[in-house]
Amino acid sequence: MKRSVIPAIAVAVLALTSCATAPEEAPDPYFAFSSVESAAQYAEAKGHTQQAALLADGEATEEDYRAANSLFRGCLEELGYRFGPDIAVDPINGLQLHNTWEVVPEVNVATEAEHCQDAFDTVEMSYIGTHEKRMDAALRASVEMCASSHGIEIGDDAMTIDAMLEERGDDQRATIEGCLFSETERLFPALEFAGY
């Protein structure tokens, strides 16, 4: 299976444009709501009662996110998906959960499995959008070393890929992203997807 590393914001934009427009703007580009409360209201209005219940207290905790992930997995298992035991935390942003797959059935994910996102996506966006991203320490050190080998210095305070890319020209950005992709694949070979 081909691995990919893509910005999480692209996933969020894709998810939002395929489902609905969020009710309010937000400071974090990944988080499409101005508050967790507005995310809960949105989920309730869309009939996603399980997500609304998880966010009802105005917080998006790791426990809420893992509960939503369990609902998501359960929904997909009803469609024939089978998961491995491991749930990995994304090494690039330090927040996003990744499930391991053992069996992926021949279903049209865009249609048949889309409703499973209803148990998951608003809680995921709320959790990731309201918590601080931080790259895995070993991955960060490897990306820094790789970039340095290309004559690019990364400051000690750059703990996310966004901070590493800030105020860089296109060539340096491409080099740093190339280092990120190759080092993620080298250090986390079992991870099929990672995002920032």
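Brief remarks follow.
- Full-stretch length increase - D86, E166 - with 0.36 nm per residue and alpha-carbon distance subtracted: 25.5 nm
- Virtual spin-label span in nm between L79 and K46, 7 Å along Cα→Cβ: 1.5
- A Förster radius of 30 Å, combined with the Cβ-Cβ distance separating S34 from H150, puts the computed FRET efficiency at roughly 0.15.
- Span from the segment 36-82 Cα centroid across to the segment 148-196 one, whole angstrom: 31
- Across segment 149-155, computed HN-Hα scalar couplings (Karplus, 6.51 cos²θ - 1.76 cosθ + 1.60, θ = phi - 60°) run 5, 9, x, 10, 9, 10, x Hz from first to last residue, x flagging Gly and Pro.
- Dipole of segment 54-164 [Lys/Arg +1, Asp/Glu -1 at C-beta], most positive-end residue of I87, F120, N69: I87
- GluC sites (Glu not before Pro) restricted to DSSP loop in segment 94-194 with at most 10 other C-beta within 10 Å: E106, E132, E153, E167
- When only the Cβ of Lys, Arg, Asp and Glu is charged (+1, +1, -1, -1), the dipole of segment 131-196 relative to its Cα centre reaches about 180 debye.
Just so you know, all these numbers are worked out from the coordinates, no wet-lab data involved. Only a predicted model underlies this, so the values are computations on that prediction, with no experimental measurement involved. For neighbour counting, all protein chains shown are included, and Cβ atoms are generated from backbone atoms with ideal geometry for every residue, glycine included.
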